[in-house]
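Scroll down for the structure; my scribbles are underneath it.
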Amino acid sequence: MKVHITLVGGQPEPVYYGIQYAKPDKVLFVHSSDDKSKEYTDRISQMFVDVEIEKRKFDPVNIEDIKRKASFYASQYAEDDITINISGGTKPWAYFFSIIFGGNPRCQIFYIDQKNIVWNLTTGEKSSVGYDMDVAIGLYGNKIAQKTDFKQIPQADIEAVESIELIREENKKMFYALVANARSNAHLTEWINGKNCLTWDKKSKSFTFSVVSSNGLYVKEIKSPSIRNLVIKAGWFEYKIAQIISRWQCATSVYVNCEFKFANKTSKNEIDVIVNIGNRLVFVECKTQIEQYTDIDKFRSAMRNYSGTSTIGLFVTREGMDDRAKEKCKDNGIMTFSVAECEAAGKDVEKSLINKLDEKINKINAR
């Protein structure tokens, strides 16, 4: 029988992918009494319905107990083909399972690194395992209720984003004032701020901006399938950033409007942009400007709860970001990027953003 022993710790990904790699007939989950260790054991065991499952609780640091139990299983599976995944669990577990099973010629020991590379410590071989965004999120007990592949975004929406940016450049202060008014009074069809006006035409499903600029009165009608989201919810900025990231060579897929829901189907939370880079996810929060510092806390919480500590977080703003916001993001392990600050420095926005992401990936790969 092909028996796989997996040591379960604080991250479910290596446990799940280790089972996929080993393709066993039976899995022995070694877990502790820690809530997360038990939770991941129970959840992952349910994802392999055609495999015999055994779960055993180990003390995380009691040396004699660990040696005794590991020796018991070494004897029990002496005639079987064994694989042991030491990626998770405690260091004493990894040490004693390696020592006690290491002399068995029918046992292979491996671990999985942050790039989802399997390192077979017995044979010296390495190989990569597949990565699925929905599975990665499911390992934490979550499910994306709705998401839109950026490749499927209509061209009319992309063109609308460009038009909205042009309007914003005519009079930034009035643009933001009109949009804020529309957001607060979404049931209306006209919003006025001095001589500036924003009008919604329900029949044609279009917005018309009338904005006083240095060049006189600027009037522009915009329509697209997602125009209300683009204007009222500032979706234009999310789409702009998603479009840039979609041209990043590491991005295998880019999704926008990613919504998670509670069990009662009410809205739980929304992540502006999720990027799959083939071995982990990048969560991106897009705001024209940070109005509340708690937005950073909410983003970090959502990021960790939905896809774990391996997730890369990026907070992007259209306007400048003050030092307090930057420091708060840094403390929470979140990268920051300001389009306005990049432009003020005379740098290319797309190149700078992609370079920043590349630097982050290179640091992870260098570990």
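Is at least one residue of segment 287-307 part of a strand (DSSP E or B), among the acidic types (Asp, Glu) and either crowded, with 21+ Cβ neighbours inside 10 Å or in contact (Cβ under 8 Å) with a residue 24 or more places away in the chain (or both)?
Taking every residue of segment 287-307 in turn, none turns out to be part of a strand (DSSP E or B), among the acidic types (Asp, Glu) and either crowded, with 21+ Cβ neighbours inside 10 Å or in contact (Cβ under 8 Å) with a residue 24 or more places away in the chain (or both).
Given the criteria farther than 24 Å from Glu327 by Cβ and surrounded by 18 or more Cβ atoms within 10 Å (Cβ to Cβ), does Val256 qualify?
yes
Examine segment 204-227 for a residue that is among the charged types (D, E, K, R) and part of a loop (DSSP other than H, G, I, E, B), and state whether such a residue exists.
Yes, segment 204-227 contains at least one residue that is among the charged types (D, E, K, R) and part of a loop (DSSP other than H, G, I, E, B).
For segment 335-359: of the residues being of a type in the set (Asp, Glu) and touching a residue at least 24 places away in the same chain (Cβ under 8 Å), which is nearest to Ala242 (Cα to Cα)?
Ranking the candidates gives Glu350 first.
So, in segment 110-119, exactly how many residues are in a strand (DSSP E or B) and in contact with a helix residue (DSSP H, G or I) (Cβ under 9 Å, 6 or more places away or on another chain)?
4
Counting only residues that are of a type in the set (Val, Ile, Thr) and surrounded by 15 or more Cβ atoms within 10 Å (Cβ to Cβ), which one in segment 118-134 is modelled with the lowest pLDDT?
Here the answer is Val129.
Answer yes or no as to whether Val254 is aliphatic (A, V, I, L, M), modelled with pLDDT of 95 or more and not in a loop (DSSP other than H, G, I, E, B).
Judged against the criteria, Val254 is a match.
What number of residues within segment 308-325 satisfy the criterion of being surrounded by fewer than 18 Cβ atoms within 10 Å (Cβ to Cβ) and of a type outside the set (Asp, Glu)?
Within segment 308-325, residues that are surrounded by fewer than 18 Cβ atoms within 10 Å (Cβ to Cβ) and of a type outside the set (Asp, Glu) number 4.
Please go through segment 279-303 and pick out each residue that is under 14 Å from Glu13 (Cβ atoms) and at pLDDT below 90.
Asn279
Could you identify the single residue in Arg304, Arg300, Arg324 that is in the same structural domain as Ser246 (by TED's automatic domain parsing), more than 14 Å from the chain's Cα centre (by Cα) and among the basic types (Lys, Arg)?
Answer to the selection: Arg324.
Can you pull out the residues in segment 216-236 that are more than 20 Å from Glu170 (Cα to Cα) and acidic (Asp, Glu)?
none
Just to verify a result, which residue in segment 76-93, among those that are within 17 Å of Val3 (Cα to Cα) and within 29 Å of the chain's Cα centre (by Cα), is surrounded by the most Cβ atoms within 10 Å (Cβ to Cβ)?
Only one residue tops the list, namely Ile84.
Please tell me if Glu285 is in contact with a Leu (Cβ under 8 Å, 6 or more places away or on another chain) and charged (D, E, K, R).
It is true that Glu285 is in contact with a Leu (Cβ under 8 Å, 6 or more places away or on another chain) and charged (D, E, K, R).
The values are calculated or read from the model by the stated rules, or taken from the named source; none is laboratory data. Given the structure is predicted, the values throughout are model-derived calculations rather than measurements. For neighbour counting, all protein chains shown are included, and Cβ atoms are generated from backbone atoms with ideal geometry for every residue, glycine included.
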